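A quick write-up on the structure given underneath.
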Amino acid sequence: MNYVKAFFQSDSAGGISLLVAAILGVIIANSPISAQYFAFMTVQLGPMDVLEWVNDALMALFFLYVGIEIKKEMISGELNTPAKRLLPVIAAFAGVITPAIVFYFIAGYQPQYSHGWGIPTATDIAFAIGVITMLGKKVSQAMRAFLAALAVIDDLIAIVVIALFYGAGVHFTYLLGAGVVTALLVYTNKQGYVRPLLYIVLGIALWYLVLESGVHATIAGVILAMTIPYEGKVDIHTVYPMDAWAERLKHWVNFLIIPLFSFLNAGVSFAEFSMDNLWHPVVMGVSLGLILGKQLGIFSAVYILVESKVIKMPSKTTWPEIYGTAILCGIGFTMSLFVATLAFPPGFNQEMAKIGIFLGSILSGLLGAIVLLTAYQIRKMRGKL
């Protein structure tokens with residue numbers, strides 16, 4: 001039982017659960033019960049089907065959790081000063097721009113594929129940090145902090161990309177209503193109200209209005225996260241509402257929401273797949289965007305900043321370790337799968353995008369781990385452990 005408890009409390013548990021769920025989805029999608037698997041997604045539950053409830057409602061809770069983590073890092077974590085933010089911010093932007101460029105030159109210049117440019121731009125926090133955690137002390141603390149900060153900013157950029165480029169056409173009446181609810185949430189925060197009930201009620205209203213506005217509903221989760229107080233008073237006691245929300249959401253996100261999302265969205269049928277599909281523009285654009293685009297953008301940005309003396313080299317690390325960490329950022333999985341469902345409707349192009357995500361993410365994870373293990377030996381020889 002102690003091993004089970006230790007697993008559920010470990011940083012790598014979320015990434016492992018995600019991977020297992022994704023593999024299970026692929027297996028079932030290519031099994032004798034594949035028809036039932038795909039039919040289950042279309043079962044109507046009230047106003048939406050199962051897949052829409054997962055992608056639009058449960059994933060809003062995932063983005064609420066991500067938003068809380070971003071806010072915590074900006075208040076008291078790795079992003080709490082301008083100096084700490086500079087390196088991961090610039091590296092994250094470079095790590096978003098270069099994969100998009102790679103995708104464009106391989107596939108995006110063709111109109112039928114152009115909407116997929118956002119797919120290789122995101123990093124899966126849970127999976128990337130899971131790999132780092134499994135490597136243990138072989139990765140320096142400086143690189144752990146850098147990856148955590150970079151992944152948080154990367155997710156923030158991904159949220160903005162989803163909001164601006166992957167909406168369904170804006171309905172301004174609902175958007176105005178969402179603005180009013182947001183103002184009420186900000187007012188509630190400023191009044192020092194810390195009990196969760198009012199935030200939950202206003203958050204549900206915000207989610208509905210954002211959903212109907214045409215902006216993707218998951219953005220409501222981020223807005224709600226930004227209005228939850230960091231600390232406050234109940235009677236004479238100091239409380240920390242953000243920590244309490246994060247603690248309550250953590251296991252639901254890691255062991256239900258993300259695995260369920262992965263299970264339903266990662267299922268790719270290979271019934272009509274051929275080896276020629278590996279050279280499909282979307283597969284190549286997404287996979288190379290993740291494998292090459294991410295590492296090129298992030299590593300180049302860090303190298304230029306350090307060599308131009310804008311920032312100092314992170315302590316007790318080496319260039320191979322920075323390079324290995326940059327490669328790990330090519331693990332797209334959750335965020336890339338999510339953007340793929342927005343970029344392409346269900347069908348062939350979406351299936352190709354998912355194959356590209358699998359290839360790019362798995363290769364990035366393996367190559368990143370190999371480079372980091374090699375970097376550890378270099379640090380050991382140079383006495384930088």
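The values are calculated or read from the model by the stated rules, or taken from the named source; none is laboratory data. Predicted, not measured: the structure shown is a model, and the values here were computed from it. Please note: Cβ atoms are built from the backbone with ideal geometry, for glycine as well, and neighbour counts cover all protein chains shown.
Mind listing just one residue for me: the one in segment 163-190 that is modelled with pLDDT under 90 and not aliphatic (A, V, I, L, M) and, of those, farthest from Val201 (Cα to Cα)?
The initial filter retains those residues of segment 163-190 that are modelled with pLDDT under 90, namely 163-172, 175.
Then keep just the ones that are not aliphatic (A, V, I, L, M); that gives 165-167, 169, 171-172.
Working: Phe165: 28, Tyr166: 26, Gly167: 24, Gly169: 26, His171: 22, Phe172: 22 Å.
Result: Phe165.
Among Ile370, Ile291, which is the only one that is crowded, with 16+ Cβ neighbours inside 10 Å, in a helix (DSSP H, G or I), aliphatic (A, V, I, L, M) and out of contact with any Pro (no Cβ under 6 Å at 6 or more places or on another chain)? Full working, then the answer.
Working: Ile370 fails: crowded, with 16+ Cβ neighbours inside 10 Å.
Only one candidate qualifies: Ile291.
Among the residues of segment 107-140, how many are at negative phi, surrounded by fewer than 20 Cβ atoms within 10 Å (Cβ to Cβ) and assigned to a helix (DSSP H, G or I)? Steps first, please.
The initial filter retains those residues of segment 107-140 that are at negative phi, namely 107-135, 137-140.
Now narrow it down to the ones that are surrounded by fewer than 20 Cβ atoms within 10 Å (Cβ to Cβ): 109-112, 114-115, 133-135, 137-138.
Remaining after also requiring assigned to a helix (DSSP H, G or I): 111-112, 114-115, 133-135, 137-138.
Number of matching residues: 9.
Specify which of the listed residues (Met335, Met381, Met352, Met313) is modelled with pLDDT under 85 and buried (at least 24 other Cβ atoms within 10 Å of the Cβ).
Answer to the check: Met335.
Looking only at segment 326-354, which residues are within 24 Å of Phe62 (Cβ to Cβ), part of a helix (DSSP H, G or I) and in contact with a Leu (Cβ under 8 Å, 6 or more places away or on another chain)? Break it down into steps so the answer makes sense when it comes.
At the first step, the residues of segment 326-354 found to be within 24 Å of Phe62 (Cβ to Cβ) are 328-346, 350-351, 353-354.
When the remaining residues are screened for being part of a helix (DSSP H, G or I), the result is 328, 333-343, 350-351, 353-354.
Hits for segment 326-354 are Leu328, Phe333, Thr334, Ser336, Lys354.
Could you look through segment 39-96, keep only residues that are β-branched (Val, Ile, Thr) and farther than 30 Å from Lys309 by Cβ, and pick out the one that is nearest to the chain's Cα centre (by Cα)?
Restricting attention to segment 39-96, the residues satisfying the condition of being β-branched (Val, Ile, Thr) are 42-43, 50, 54, 66, 68, 70, 75, 81, 89-90, 96.
Those left that are additionally farther than 30 Å from Lys309 by Cβ: 42-43, 50, 54, 66, 68.
On the way: Thr42: 25, Val43: 27, Val50: 22, Val54: 16, Val66: 8, Ile68: 13 Å.
Once the filter is applied, the top-ranked residue is Val66.
In the set Leu86, Leu79, which member is modelled with pLDDT under 90 and not in a helix (DSSP H, G or I)? Quick ask: steps written out before the conclusion?
Numbers: Leu86 fails: not in a helix (DSSP H, G or I).
Checking each option against the conditions leaves just Leu79.
Condition check ((1) touching a strand residue (DSSP E or B) at 6+ places or on another chain (Cβ under 6 Å); (2) free of Cβ contacts under 8 Å to residues at least 40 places away in the same chain) across all residues:
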residue: Leu185; (1), (2): no, no
residue: Gly192; (1), (2): yes, no
residue: Leu197; (1), (2): no, yes
residue: Ile200; (1), (2): no, yes
residue: Ala205; (1), (2): no, yes
residue: Leu211; (1), (2): no, no
residue: Gly214; (1), (2): no, no
residue: Ile219; (1), (2): no, no
residue: Ile223; (1), (2): no, no
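Could you tell me whether Met275 is hydrophobic (A, V, I, L, M, F, W, C), closer than 23 Å to Ala107 by Cβ and free of Cβ contacts under 8 Å to residues at least 24 places away in the same chain? So that I can check it myself, show each step before the final result.
Numbers: hydrophobic (A, V, I, L, M, F, W, C): yes; closer than 23 Å to Ala107 by Cβ: yes; free of Cβ contacts under 8 Å to residues at least 24 places away in the same chain: yes.
Against the criterion (hydrophobic (A, V, I, L, M, F, W, C), closer than 23 Å to Ala107 by Cβ and free of Cβ contacts under 8 Å to residues at least 24 places away in the same chain), Met275 qualifies.
Looking only at segment 248-304, count every residue that is modelled with pLDDT under 85 and more than 18 Å from the chain's Cα centre (by Cα) and tell me the total.
So the count comes out to 11.
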